[in-house]
1. When you check Leu432 against the structure, is it surrounded by fewer than 21 Cβ atoms within 10 Å (Cβ to Cβ) and within 21 Å of Cys366 (Cβ to Cβ), yes or no?
2. Kindly list, by first and then second residue, each pair from a residue in the stretch 449-471 that is farther than 23 Å from Ser484 by Cα to a residue that is open to solvent by 30 Å² or more (accessible area, probe 1.4 Å) and β-branched (Val, Ile, Thr), limited to pairs with Cβ atoms under 8 Å and residues at least 6 apart or on different chains.
3. Could you check how many residues of the stretch 353-402 are over 20 Å from Asn420 (Cβ atoms), out of contact with any Gly (no Cβ under 7 Å at 6 or more places or on another chain) and open to solvent by less than 20 Å² (accessible area, probe 1.4 Å)?
4. Quick check on the stretch 35-76: of everything there that is more than 14 Å from Trp19 (Cα to Cα) and open to solvent by less than 40 Å² (accessible area, probe 1.4 Å), which residue is nearest to the chain's Cα centre (by Cα)?
5. Has the stretch 77-94 got any residue that is closer than 30 Å to Gly135 by Cα and surrounded by fewer than 16 Cβ atoms within 10 Å (Cβ to Cβ)?
6. Residues Thr438, Thr422: which one is open to solvent by 20 Å² or more (accessible area, probe 1.4 Å) and free of Cβ contacts under 8 Å to residues at least 12 places away in the same chain?
7. Taking into account only those residues within the stretch 403-416 that are under 16 Å from Thr438 (Cα atoms) and not basic (Lys, Arg), which is surrounded by the most Cβ atoms within 10 Å (Cβ to Cβ)?
8. Looking at this structure, is Val105 among the β-branched types (Val, Ile, Thr) and in the same structural domain as Trp7 (by the TED database)?
Amino acid sequence: EGNPYTWWVGKANEKHYYWGGSGPGIQKCACGIERNCTDPKYYCNCDADYKQWRKDSGMLSYKEHLPVSQVVVGDLDRPGSEAKVSVGPVRCQGDRNYWNAASFVTSSSYLHFSTFQGETSADISFYFKTSASDGVFLENLGNTDFIKLELKSAAEVSFSFDVGNGPVEIVVRSPNPLNDDQWHRVNAERNVKQASLQVDQLPLEVRKAPTEGHTRLELYSQLYVGAAGGQRGFLGCIRSLRMNGVTLDLEERAKVTPGVKPGCSGHCTSYGMYCANGGKCVEKYNGYSCDCSKTAYDGPFCIKDVGAFFEEGMWLRYNFHSPGTSMKDLVSRTLLSSADPEITAPDLSLNKEELSFSFSTTKSPCVLLYVSSYTLDFMAVLVNPSGNLQIRYNLGGTKEPYNIDIDHRNMANGQPHTVNVTRNGRDIILQLDHYPPTSYSLPATSDIQFNSPKALFLGKVIEIGKIDQDIYKYNTPGFTGCLSRVQFNQIAPLKAALRPTNTSSHVHIQGELVESNCGASPLTIPPMSAATDPWHLDSVSLLLQHGSFFNSLFTASADFPYNGQAIGDGVNRNSAIIGGVIAVVIFTILCTLVFLIRYMFRHKGTYHTNEAKGAESAESADAAIMNNDPNFTETIDESKKEWLI
């Protein structure tokens with residue numbers, strides 16, 4: 001029914017159904033674009049369901065969807081159904097001067113270069129970013145001739161010149177402000193036949209040259225980038241300035257020029273959203289980086305889960321109070337976000353908590369996480385004997401702890417599960433996996449402050465003093481399984497244990513902590529409905545499907561009703577026995593035939609794809625779409641292929 005068995009996940013956690021050599025929105029492989037698939041009825045070689053190996057390969061080059069973070073391969077649950085998947089690296093190529101930039105900090109700032117040699121042709125391109133409403137980008141003068149590019153207003157870019165026939169001006173007007181502190185591209189061209197100006201993807205403005213008159217642009221002054229001749233110069237950032245194919249080294253010239261700084265600040269304004277999961281964008285000289293130190297994640301964009309496998313009896317303790325540090329200092333500096341004045345109260349109590357982690361286990365009951373205190377207050381996340389999740393709060397004011405029981409599913413099923421708990425005063429919000437958040441409220445008599453937090457435990461509670469009886473029972477033999485990306489407010493205990501940081505001294509471990517992503521939850525793949533899930537089994541049907549990306553054989557048993565009629569005599573009993581034996585023999589023969597057929601017609605397929613292949617020549621409508629899409633990168637030499645899916 002058009003639902004693919006296989007897909008890949010790219011940037012922004014979106015699923016994609018196109019493959020190397022194809023393009024977004026085109027549910028095909030390269031052979032489907034080129035119309036040379038093994039079976040012309042399908043758009044991928046692997047869909048042919050042949051006994052021989054078939055291969056689909058190509059490069060994924062739509063930059064907005066890269067890199068590939070996950071690949072989901074289905075229909076491998078039957079004998080003979082095989083797939084080989086290889087994913088190669090992301091490779092970036094381009095002009096090394098792409099980020100050669102300079103920042104103009106005053107309206108009189110400028111850089112100067114040698115005279116622009118553009119007598120009969122001029123090709124000028126650059127990127128700019130500003131919050132100012134106007135300013136001159138560049139200008140070069142002659143006796144009467146000149147060439148100039150400027151931001152005339154917040155929504156207008158002007159390209160003007162004079163080759164001796166009188167001034168000519170081309171203006172591009174944008175429907176949206178251009179002084180939005182985002183990058184915008186300008187491309188201006190002039191030759192003996194015409195001149196043109198384009199800004200971003202706005203329509204190209206063209207002006208034809210006169211059929212008679214002067215054609216040569218004669219300049220003698222230096223080329224000024226920024227303010228020139230007493231005019232108001234550009235305020236902001238310019239990068240990748242190319243004039244007739246030559247990139248001007250703005251950075252080197254800016255190093256020795258007052259009022260201009262090399263490089264460009266503000267990368268985080270444009271790209272800071274790629275620092276995920278609370279990562280902080282940090283400006284760098286020629287780009288940016290993501291600071292993941294306050295998160296439970298790792299990697300360049302703070303998206304790599306940091307997790308570990310816990311053997312039975314193993315536990316981890318994170319002490320909020322380290323030797324030599326006062327409780328007040330530690331609570332204000334480490335445990336809680338100092339940006340929130342409400343949670344740095346001198347009474348050392350928490351009015352709010354944010355807890356998130358993922359886990360997988362097959363054993364219950366167990367203690368996943370426990371936060372103790374110097375009082376009787378505590379918070380715990382448990383898996384009860386039935387495999388259900390339980391959140392338990394004891395903040396005082398009530399006879400018994402407040403429990404939140406999640407009874408609708410078994411959490412000890414070996415699958416990764418995510419837990420997010422947020423408490424603000426009396427209000428608690430719990431989100432489990434992909435289910436909608438659910439709100440709860442502490443009893444009216446309950447205190448709303450978590451007093452004097454002491455330590456956080458993972459896997460098992462080893463604490464001095466009185467412990468809740470249920471937690472004490474769940475504590476033996478302890479948690480066995482995986483925990484990942486554990487974060488309590490600003491603390492990431494697993495990351496502190498596995499990555500040397502200034503908080504590692506707070507961690508104590510019993511047993512050997514082995515780093516693993518086995519508890520990482522596949523957040524990008526939400527549960528599928530029975531109507532669209534290719535693995536959903538109809539309880540009374542035997543279904544054999546061919547022709548999808550892979551092929552599956554789904555089998556299920558049917559319940560045969562007993563009609564309740566008694567067998568009256570010995571003859572009927574003998575007949576029933578004989579009939580039963582015959583039925584068993586027939587059933588055995590049928591089963592043998594089914595397995596033989598499945599073995600003889602086993603499916604094999606392979607898929608390779610590469611990251612950076614350009615569009616092929618347009619031999620079909622799909623290929624034409626790809627060729628006309630500016631987001632596809634240029635073709636790379638075949639010897640530099642990266643194989644991926």
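1. On the way: surrounded by fewer than 21 Cβ atoms within 10 Å (Cβ to Cβ): yes; within 21 Å of Cys366 (Cβ to Cβ): yes.
Considered against the rule, which asks whether it is surrounded by fewer than 21 Cβ atoms within 10 Å (Cβ to Cβ) and within 21 Å of Cys366 (Cβ to Cβ), Leu432 comes out as yes.
2. Sorted first by the residue in the stretch 449-471, then by its partner, the pairs are Asn451/Thr375; Ser452/Thr375.
3. Total satisfying the criteria: 2.
4. Step by step, filter the stretch 35-76, then rank; the result is Gly74.
5. Among the residues of the stretch 77-94, at least one is closer than 30 Å to Gly135 by Cα and surrounded by fewer than 16 Cβ atoms within 10 Å (Cβ to Cβ), which makes the answer yes.
6. Values: Thr422 fails: free of Cβ contacts under 8 Å to residues at least 12 places away in the same chain.
Criteria check complete, one pass: Thr438.
7. Here the residue is Ile406.
8. Numbers: among the β-branched types (Val, Ile, Thr): yes; in the same structural domain as Trp7 (by the TED database): no.
Taking the combined requirement at face value, the residue does not satisfy it.
The values are calculated or read from the model by the stated rules, or taken from the named source; none is laboratory data. Quick caveat, the model's predicted, so the values are computed rather than measured. Note that we place each Cβ from the backbone using ideal geometry, even for glycine, and neighbour counts take in every protein chain shown. When the accessible area is computed, the model is the full protein with side chains, heavy atoms only, and any ligands, DNA or RNA have been set aside. Shrake-Rupley method; radii C 1.70, N 1.55, O 1.52, S 1.80 Å.
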